[in-house]
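Notes for the one structure printed next.
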Amino acid sequence: MPEGISPFASYAMALAAVYALLVMVFVQSLVAAVAHRAQKSYVPGVVDEALGPESFVFRSHRTFMNSIENVPFMLGLILLAVMTGFDAWWLSLLSWVYVGGRLAHMITYYLVATRKNPSLRSYFFILAILAQLLLMVMLGVSWL
């Protein structure tokens, strides 16, 4: 490798997707914290169980919690892919599809208050999960 070029240079787009994903989750945490603190009966760390999708406090909290539940697995797959020399083009594509799905999920969850299932946000959730599943399968197959 030429001097001054990082061994991770071929993964620059995938790593940029990781950065975007981390920024998005950070923003979600801030939005949820601000929404939570704006309530009249604010108790730190407690979201009223009576709240539903009609409440932005509920939606912002669930958006953040959903990311906390799902994003670490994708970060683990991306890390594993980089460490094993997985194809950089596919990793970048699938990482950005995942980020796009998560971003669209976040925006629709913030803007659309519904109890309907599947809702519009569900389709974006599925898009992200499919990108994750495809990466997991392709990564596994690459070891065969």
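Annotation note: trypsin sites (Lys or Arg not before Pro) in the stretch 42-144 located in DSSP loop regions with a Cβ neighbour count of at most 16 within 10 Å are ARG115, LYS116. Taking the number of Cβ atoms within 10 Å of each Cβ as an exposure proxy, the fewest-first ranking of THR114, THR63, THR84, THR108 is THR84, THR114, THR108, THR63.
Charges were assigned to the Cβ only: +1 to each Lys and Arg, -1 to each Asp and Glu. The resulting dipole of the chain about its Cα centre is roughly 500 debye. Within the listed set TYR19, TYR109, TYR42, the Gaussian network model of the chain (springs between alpha-carbon atoms below 10 Å) gives the highest mean-square fluctuation for TYR42. Each eigenvalue of the Cα gyration tensor of the stretch 9-142, multiplied by 5 and square-rooted, gives one semi-axis; in descending order these are 31, 15, 11 Å. Each label was represented as a point 7 Å from its Cα along the Cα-to-Cβ direction; for MET138 and THR84 these points are 1.3 nm apart. Of the GluC sites (Glu not before Pro) found in the stretch 1-95, the ones in coil according to DSSP and having at most 14 other Cβ atoms within 10 Å of their Cβ are GLU3, GLU49, GLU54.
Relative to the longest principal axis of the Cα atoms of the chain, helix 88-111 runs at roughly 10 degrees.
Across the chain, the relative contact order, built from alpha-carbon pairs under 8 Å that are at least six residues apart, equals 28 percent. What is the angle, in °, between the Cα long axis of helix 12-37 and the longest principal axis of the Cα atoms in the chain? Nearest 10 is fine, range 0 to 90. Around 10 degrees separate the two axes.
Ordered by the number of other Cβ atoms lying within 10 Å of each residue's own Cβ, fewest first, MET138, MET83 fall into the sequence MET83, MET138. The residue list ALA20, ALA104, VAL43 was ranked by how far each Cα lies along the charge dipole of the chain toward its positive end, using unit charges on Cβ atoms, and VAL43 comes out on top. For the stretch 103-144, the direction-averaged projected area of the alpha-carbon convex hull comes to 3.1 nm².
You can think of it this way: the chain between ILE126 and VAL34 has 30.3 nm of extra reach, that is 0.36 nm per residue less the Cα-Cα gap. Label sites at ASN117 and VAL43, each approximated as a point 7 angstrom past Cα along Cα to Cβ, lie 2.6 nm apart.
Residue exposure proxy: LEU30, LEU94, ordered by other Cβ atoms within 10 angstrom of their Cβ from fewest to most, comes out as LEU30, LEU94.
Each value in this text was obtained by applying a stated rule to the coordinates, not by laboratory testing. Model, not experiment: these values are computed from the prediction. All Cβ positions, glycine included, derive from the backbone under ideal geometry; neighbour counts span all protein chains shown.
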